[in-house]
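Pasting a structure here, questions to come.
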Amino acid sequence: MTKILHAAPAVALGVLLGLAVGDAVHSSANAAQDVEVHAFVNDTCIIADEPFYVPQSPGSENAKFLPIIAAIVGQLASVFIHHEADVAAGKMKAQAARKDTRYAMVRQMNLYRADLLPAPVVRLNANLGCMTIVAGSLEPESTDCKAAYVPKTVTPETLKLSQDQWRTSRTDESVENQLRRANVCVKGKVRAVYEARFEFSADGTAYRLKDAGYQIESLLTTPQKRASRAVIYTLKISDPSSTDQEEVLSVAWVNIGTVSAGARSSGAAGNVAPWLRVPPLTPEARRSYEERTKVQQEVAGEIDALKRALKRNQRMLAGMDQRIAASSGDVAEGLKQERTRITVQYQTQSAELDARIAEYQDLPHEPLELMPVTIEVAVTESESEKKSQLALADLIGSHSDIVTSAVGTATTGLLSRAVNLADESPPSAPAVPASELERARTRYFDALTDAETAPGGANVQQKRELAAAKDGYNAVRRSLGLDEI
């Protein structure tokens with residue numbers, strides 16, 4: 001198991017991180033400060049979504065356990081992240097100035113992924129489901145502890161009852177055992193585990209984190225058993241920079257309130273965080289995508305335009321057959337000639353479509369990764385709720401990706417504003433240059449298809465429409481810094 005947890009390819013889950021804070025950050029002189037923090041991202045939560053299992057052959061000593069709830073941690077596979085970069089020790093030392101905060105070290109990943117099959121499309125490099133933060137020491141990366149996992153096997157006498165009445169027969173209910181299901185192999189005992197679900201708006205332009213539960217064996221900043229702390233944890237996405245002044249693209253957080261050693265929770269009942277904007281594709285990443293997929297987009301654009309043209313002509317032919325049946329004389333003859341023209345155009349378009357599909361299959365289809373970002377997770381334990389609010393404002397800084405609100409400087413009202421926003425519906429996607437580019441591209445390829453497949457050649461009107469569509473397409477491309485076609 002590497003310290004980076006990947007999800008199943010079926011959900012295309014990219015992996016953010018799973019990294020320990022090293023000795024360069026925390027002094028070994030204080031045992032309370034020597035806490036390794038690791039973060040994992042998957043399609044489901046490791047602890048909160050652990051499924052019940054039932055033996056395939058009850059009574060058999062070698063029974064295979066099958067999940068009866070479809071919430072399974074994905075297969076680990078290193079397929080999405082190819083470029084990793086450790087943060088310089090100097091940056092981590094600067095962050096460590098916050099004595100109440102423990103960090104999972106930053107790594108670099110590409111936030112977006114361009115898939116070229118069946119057609120070029122850019123989407124988030126991950127359908128993020130759940131983040132699990134583990135405070136404790138992990139076994140070496142080569143360790144495989146999945147076989148040691150003891151499943152949560154439902155007892156036969158409760159299997160027929162409602163799900164909330166199921167009971168398990170296993171004896172090892174430790175969090176260390178639960179983590180083994182995802183091959184997170186803990187050395188000794190876990191200090192604390194926190195989980196948060198990613199929630200996305202329907203259009204994918206906004207997200208937020210929601211508390212999915214925690215198990216705290218001991219606090220990270222003090223060994224005192226009776227001490228209590230106000231705990232928040234944050235996920236920061238930044239634009240990589242050669243300097244210490246990275247541009248923060250987004251900061252998400254979960255505030256779980258005041259806890260002490262031995263605290264347990266199965267998750268927050270309501271939403272307590274505002275909607276945040278998903279960092280959009282940067283102009284540089286957009287240009288890279290457009291340049292590297294130029295040929296694929298041109299051929300895919302013609303394919304889509306031909307499909308739309310075929311559907312239009314199918315509807316026209318169906319309607320024309322009805323009109324011909326209801327007409328006679330010269331009118332019927334004229335309609336028949338028009339039907340013949342449309343039929344010829346339909347056949348031409350169909351042949352062109354087959355040729356373009358074959359052409360696209362011969363082009364490179366390897367997915368591309370775009371927009372490198374750095375990711376950092378931090379767990380903060382403050383002595384009071386007021387200090388927790390100030391710590392959150394400090395960690396967020398002047399960044400303002402909150403939808404319909406801006407995060408200001410450290411103020412005690414920051415969290416109350418977040419609560420007021422929490423229950424609002426997710427925002428609709430605003431008009432962005434990328435959508436304008438898609439609309440302009442569609443108009444251009446529709447006009448191009450009409451002109452190129454017109455029987456006897458394009459007429460004057462079709463040529464004018466093509467020229468206008470091309471000018472409009474190029475105008476949008478220029479506005480985005482792209483080469484004209």
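Since every read-out is calculated from the coordinates, none of them should be taken as a lab result. Quick caveat: nothing in here was measured; it's all calculated off a predicted structure. Backbone-built Cβ (ideal geometry, glycine too); neighbour counts: all protein chains shown.
Past 23 Å, Cα to Cα: identify those pairs from 294/470; 236/294; 225/387; 307/463; 336/470; 146/236, in the order given.
236/294; 336/470; 146/236
What's the Kirkwood radius of segment 431-485 in Å, using all Cα pairs?
11.6 Å is the Kirkwood radius here.
While we're here: Filter the trypsin sites (Lys or Arg not before Pro) in segment 148-218 to those in DSSP coil with at most 15 other Cβ atoms within 10 Å of their Cβ, and list the result.
Of the trypsin sites (Lys or Arg not before Pro), the ones in loops of segment 148-218 whose Cβ has at most 15 other Cβ atoms within 10 Å are 160, 167, 170.
Once both labels are modelled 7 Å past Cα along the beta-carbon direction, what's the residue 474-residue 155 spacing in nm?
Between residue 474 and residue 155, the simple spin-label model gives 7.8 nm.
Which order, highest average first, do 478-484, 284-290 follow once you tally other Cβ atoms within 10 Å for each residue and take the mean per peptide?
284-290, 478-484
Given a Förster radius of 25 Å and the C-beta distance between residue 316 and residue 363 as r, what FRET efficiency does 1/(1 + (r/R0)^6) yield to the nearest 0.05?
In this case the efficiency is close to 0.20.
Give me the Å³ per residue figure for the convex hull around the C-alpha atoms of segment 112-173.
Dividing the Cα hull volume of segment 112-173 by its residue count gives 242 Å³.
So, one more: If the chain between residue 344 and residue 467 were fully stretched, how many nm would it gain, using 0.36 nm times the residue separation less the Cα-Cα distance?
Gain on stretching residue 344 to residue 467: 41.8 nm.
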